[in-house]
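See structure below.
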Amino acid sequence: MFILDNSLIPRKSTDFRSIEQFIEKIGATNANVIIFGEIDMGMDQVAREIYEHSSPTQKPIIVIEAGGAAYIGKHDPSSDRSVTYNRMKGYFANADGGTIILKNLELLTFDKQSVLLHILETEHPNVRIICTADPHLLQMVTDKEFRANLFYLLRESDIKILPLREVPEDIAGLADFFLTHHAKNNDEPKKRLDASALKVLKIHQCPGNIRELKNLVERTILVNGKPTLD
């Protein structure tokens, strides 16, 4: 699951097939969802797929980066509400009847957490929220660094995406996808990985997950001109 036209790269693991089935089921509901996963495991693409499987009436969509999103609403100085509240309300006004994708939920400041909780609890906006989050968010809730009541409002359902090191059966298919994509983009014959190269990739931990795998495949292509990469 690597970013490419906001779509998911097909994978063969049992874990991925379960995620695909869950996307179809949860997409047709209005439930808020948190997608847990490490960096570059396709959380944004899973969120987009959930939205694509939603009801045709669930439009529009707004994507927000929790750690650095600019406010879009206007603040009325005469209002008895805070600047954060008035401006955060702008997102919900623009997404009315649709979906907000809130990326990197763990980066939401405590002040913004409180405002978001207030909006959801007291105003019940007609907006579905799909969040992506690092698994560390669970510990943040335990340590009271993230508001538990907000967490459970947003976690009406969840998806866990395993890191690449825990699904090595997906590596060959992903590598082949990147080889195909590289050949097409560069108008050249497709190369292939031999058994020894695949073995090396499966042993490598790939802390950067799918992005790192893609970089490894493309770097190997650059330094090895032979049709087979070894």
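Restricting the first member to the stretch 24-53 and to residues that are under 24 Å from residue 167 (Cα atoms), and the second to residues that are open to solvent by 20 Å² or more (accessible area, probe 1.4 Å) and β-branched (Val, Ile, Thr), the beta-carbon pairs closer than 7 Å and six or more apart or on different chains are 44/3; 45/3. Taken together, the residues in the stretch 166-187 that are in contact with a helix residue (DSSP H, G or I) (Cβ under 8 Å, 6 or more places away or on another chain) and more than 30 Å from residue 28 (Cβ to Cβ) amount to 7. Just one of the listed residues (145, 169) is out of contact with any Cys (no Cβ under 7 Å at 6 or more places or on another chain), of a type in the set (D, E, K, R) and in a loop (DSSP other than H, G, I, E, B), and it is 145. The residues listed here are 19, 50; of these, the one that is over 15 Å from residue 127 (Cα atoms), among the hydrophobic types (A, V, I, L, M, F, W, C) and at pLDDT 90 or above is 19. Of the residues examined, residue 124 is one that is under 29 Å from residue 21 (Cα atoms), without any contact (Cβ under 8 Å) to a residue 12 or more places away in the chain and open to solvent by 40 Å² or more (accessible area, probe 1.4 Å). Residue 163 satisfies every condition listed in (1) of a type outside the set (A, V, I, L, M); (2) open to solvent by less than 70 Å² (accessible area, probe 1.4 Å); (3) free of Cβ contacts under 8 Å to residues at least 60 places away in the same chain; (4) in contact with a helix residue (DSSP H, G or I) (Cβ under 8 Å, 6 or more places away or on another chain) except (3). With respect to residue 104, is the statement that it is modelled with pLDDT under 90, touching an Asp or Glu at 6+ places or on another chain (Cβ under 7 Å) and open to solvent by 20 Å² or more (accessible area, probe 1.4 Å) true? Taking the combined requirement at face value, the residue does not satisfy it. Only a single item in (1) open to solvent by 10 Å² or more (accessible area, probe 1.4 Å); (2) touching a residue at least 12 places away in the same chain (Cβ under 8 Å) is not met by residue 151, and it is number (1).
The values are calculated or read from the model by the stated rules, or taken from the named source; none is laboratory data. Note that this is a predicted model, so its numbers are computed, not measured. Note that we place each Cβ from the backbone using ideal geometry, even for glycine, and neighbour counts take in every protein chain shown. These area figures cover heavy atoms from the full protein model, side chains too; ligands, DNA and RNA do not enter into them. Shrake-Rupley method; radii C 1.70, N 1.55, O 1.52, S 1.80 Å.
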